[in-house]
Amino acid sequence: MNKITILTLFPESFEFLKTYGVIGKAIDKGLLEINLVNIRDFSNDKHNHVDDTVYGGAAGMLIKPQVLYDCLMSVKKTGSKVAYMSAAGTVLNQKLAINFAEIKDLIIICGHYEGIDARITNHYVDYEISIGDYVLTGGEIPAMVLIDSMARFVGGVVGKEESLNTDSHYNILLQQDEYTKPREFNGYFVPHELTSGDHKKIAAWNRKSAIEKTKRVRPDLYEKFLREEN
């Protein structure tokens, strides 16, 4: 079982994950455990403040190190790995999601305001993860993206695990175009290879479609694909 503990100022925002699609089913099956910890519960003043001004006169507020440290130490164990959701972090991709799925005890820190004190990130965090080169108001949505992307690779979560091998980005290429019934829609037809019943023709068409789609939609990935092919 994979255990994920989320440190957040807004634990209620994650409640839907417990019943959400594949993740909810994984929790019900005992394959995934999600725990929520409110950072504010570890405030050390009577007003429950968790933030303070930034040294050097920079704008905004930071979550105080003692508050976050106490919160983190309340759940961290030997073998735990800590990820901080940060716009300055490594951009999440499919390979990282697969790697995170192998972590049995993951703690995710959701920052807010201007972020968290660097003494926490520099000394108590194993990974800083971003979901893109832009800034959001907090780490909750990025944490949900990380959980959703990695949970699919936890053993037993996805019923047909072979389908993961055809996902976009699994092997650089995007997923091929896909079709369902009817065969004809508004004058557009399903490619005849896909209705032929010939597995070799289907596999060849899927490969060709994936390459063409990647070239059209993500030329950067297409160039990477060409480099690795050569």
Fill in the blank from the handout: Percent relative contact order for region 72-230, counting Cα pairs under 8 Å at least six residues apart, stands at 21 percent
Exercise for the section: State the percentage of accessible surface on region 60-218 attributable to carbon and sulfur atoms; use a 1.4 Å probe and exclude ligands, DNA and RNA. Expected result: 52 percent
Practice task
Would you please give the residues with an amide H less than 5 Å from that of ILE107, counting only those at least 5 places away or on a separate chain, with H modeled from the backbone geometry?
Solution key: THR5, LYS81, VAL82, ALA83
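Quick check on the chain: of the DSSP beta bridges with both residues there, what percent are antiparallel, nearest 5%?
Counting DSSP beta bridges with both partners in the chain, the antiparallel share is about 20 percent.
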Problem - Residue-normalised accessible area of the chain, given per residue in Å² at a 1.4 Å probe - result: 60 Å²
Exercise for the section: Taking 7 Å along the Cα-to-C-beta vector as the label spot, tell me the LYS215-GLU12 distance in nanometres, rounded to one decimal. Expected result: 5.3 nm
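Would region 71-142 count as rounded, prolate or oblate if I go by the C-alpha gyration tensor, calling it rounded below 1.5 in a/c and otherwise prolate when a/b exceeds b/c, oblate otherwise?
oblate
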Problem - Spatial separation of Cα centroids for region 89-138 and region 1-16, in angstrom - result: 14 Å
Fill in the blank from the handout: Exposed chymotrypsin sites (Phe, Trp or Tyr not before Pro) being those in a DSSP loop with at most 11 other Cβ atoms within 10 Å, the longest stretch of the chain free of them is 135-230
Practice task
Specify whether the C-alpha gyration tensor of the chain places it in the rounded, prolate or oblate class, a ≥ b ≥ c being the square roots of the eigenvalues: rounded for a/c under 1.5, otherwise prolate if a/b is larger than b/c and oblate if not.
Solution key: prolate
Handout entry: Per-pair calculated FRET efficiency, R0 = 30 Å: GLU114 and ARG207 via Cβ, rounded to 0.05
Key = 0.05
Problem - Whether region 35-100 is rounded, prolate or oblate, judged on the alpha carbon gyration tensor where a/c under 1.5 counts as rounded - result: oblate
Practice task
Under 12 Å from the Cβ of ILE116, count the other residues' Cβ atoms, weight Lys and Arg +1, Asp and Glu -1, and hand me the total.
Solution key: -3
Exercise for the section: Taking H placed 1.01 Å from N in the peptide plane, check which residues at least 5 places from SER86 or on another chain put their amide H under 5 Å from its amide H. Expected result: ILE129, SER130
Exercise for the section: Estimate the FRET efficiency between LYS95 and ASP45 by the formula 1/(1 + (r/R0)^6), using the beta-carbon distance for r and 41 Å for R0, to the nearest 0.05. Expected result: 0.45
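The values are calculated or read from the model by the stated rules, or taken from the named source; none is laboratory data. Quick caveat, the model's predicted, so the values are computed rather than measured. Cβ atoms come from the backbone with ideal geometry, glycine included; neighbour counts cover every protein chain shown. For accessibility, only protein heavy atoms count, side chains too; no ligands or nucleic acids. Shrake-Rupley method; radii C 1.70, N 1.55, O 1.52, S 1.80 Å.
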